[in-house]
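> Structure incoming, see below.
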Amino acid sequence: MNSSKSPVLDGLGNTTCNAHNKISVFFSIIFMTVGILSNSLAIAILMKAYQRFRQKSKASFLLFASGLVVTDLFGHLINGTIAVFVYASDKDWIRFNQSNILCSVFGICMVFFGLCPLFLGSVMAVERCIGVTKPIFHSTKMTSKHVKMILTTVCFFAVFIALLPILSFRAYQIQASRTWCFYKTEHIEDWEDRFYLLLFSCLGLLALAVSFLCNAVTGITLLRVKFKSQQRQGRSHHFEMIIQLLAIMCVSCICWSPFLVTMANIGINADRSMETCETILVVLRMATWNQILDPWVYILLRKAVLKTLYKIARRCCGMHIMNLHMWELSSIKNSLKVAAISESPVSSKQINQQPLSSTGQ
């Protein structure tokens, strides 16, 4: 038996994780089911919204959001199915993974479905920032063709990062818990093992940093336009966007930062790292929750839902916190028009000339 083991399967008997199989299978099935239902509901809402709204400004957001929830859906479907199969087989990799094909597929899927949503989130943040700060440029240049090209580029880049170990003849490794496959995190031998861990962590943290920076710029710009403009037509959209931005930043940072920092720590310190198997499993499950919460943050946390929650809270509390005119129906086109007018030099000249004409009269 020892002579028939492949190098990838060495050391599986020295695991430090003692997770209960039945509990782990139960949680895996629950996570997979909730993720599939949430993303399927989000896709249905996106399709309905895309049929209702045909504006260029919203079409790009809907396409990016569709790519995000479709990626999350397939991530839950593929990774969840493999994980449940591994648990159901009592984690006996020697029996069903002699050629290391399943572990390679599992590792590629873990890397791809981990990085791709982070990349798409940062791209959506950049698109949203351009749409708010440069609405005229966004409406003329951000066409559906360009959005599809960006989506394709992001997916191919994530696939390339996921296939990089295979292309360099480095196999994905079964982790100490024997429940998932990833880059080598134990008995790291050379710089290449560290490179993959640091590459994954740095790309993920960079995507989070870009999202945080662009969302901060977008939020500040929306607040500045809101306080500058005396019109009420864009207020509803402003509040909706600000709430979404805060939720997106909080969920992404809370869910993904622990896993990315843990992988970076292992890559830097190698075998001197104090990260245990249980810690890695906890941060991995936290990262999985991001794919469950993505559709609720990007799609379901909309003005209609917020308005309903506000009415329920107002009935329960009986307090007049804000006037309902702040929730008046407004479109993205009107909000972008307000931003464009405030940024336009022609409008500023007209505003400056109005007091002169009134005093002349």
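The values are calculated or read from the model by the stated rules, or taken from the named source; none is laboratory data. Not measured: the values here are computed from a predicted model. As a convention, Cβ positions derive from the backbone with ideal geometry for all residues, glycine included, and neighbour counts pool all protein chains shown. Quick note on the areas: whole protein, heavy atoms, side chains included, nothing else; ligands and nucleic acids left out. Shrake-Rupley method; radii C 1.70, N 1.55, O 1.52, S 1.80 Å.
> Return the distance in nm (one decimal) between the two label points of a simple spin-label model at residue 95 and residue 50, each offset 7 Å from Cα along Cα→Cβ.
Output for this residue pair reads 4.3 nm.
> Rounded to the nearest 0.05, what FRET efficiency is calculated for residue 217 and residue 307 with R0 set to 25 Å and r the Cβ-Cβ distance?
After rounding to 0.05, the efficiency reads 0.40.
> Could you tell me which of the pairs 48/311; 134/226; 226/307; 145/307 are separated by over 22 angstrom between their Cα atoms in the structure shown?
Numbers: 48/311 24 Å; 134/226 16 Å; 226/307 19 Å; 145/307 34 Å.
Checking Cα-Cα distances, 48/311; 145/307 exceed 22 Å.
> Solvent-accessible area per residue for the stretch 117-215 at a 1.4 Å probe radius, Å²? Please list the in-between numbers first.
On the way: 4720 Å² over 99 residues.
About 48 Å² of surface per residue is accessible.
> In the stretch 159-220, what GluC sites (Glu not before Pro) fall in a loop by DSSP, with at most 10 other Cβ atoms inside 10 Å?
Passing both the DSSP loop test and the Cβ count: 189.
> Relative to the present Cα-Cα distance, how much length would full extension add between residue 169 and residue 314 at 0.36 nm per residue of separation?
Full extension from residue 169 to residue 314 adds 46.1 nm.
> Would you kindly state how much longer the chain becomes between residue 77 and residue 279 on full extension, computed as 0.36 nm times their sequence separation minus their alpha carbon distance, in nm to one decimal?
In short, 70.3 nm is gained.
> Hey, got the Cα dimensions of the stretch 87-224 along the principal axes, in Å, largest first?
Taking max minus min along each principal axis of the Cα atoms, the stretch 87-224 gives 59, 31, 28 Å.
> Can you tell me the length gained on complete extension of the stretch residue 202 to residue 153, counting 0.36 nm per residue apart and subtracting the Cα distance?
15.7 nm
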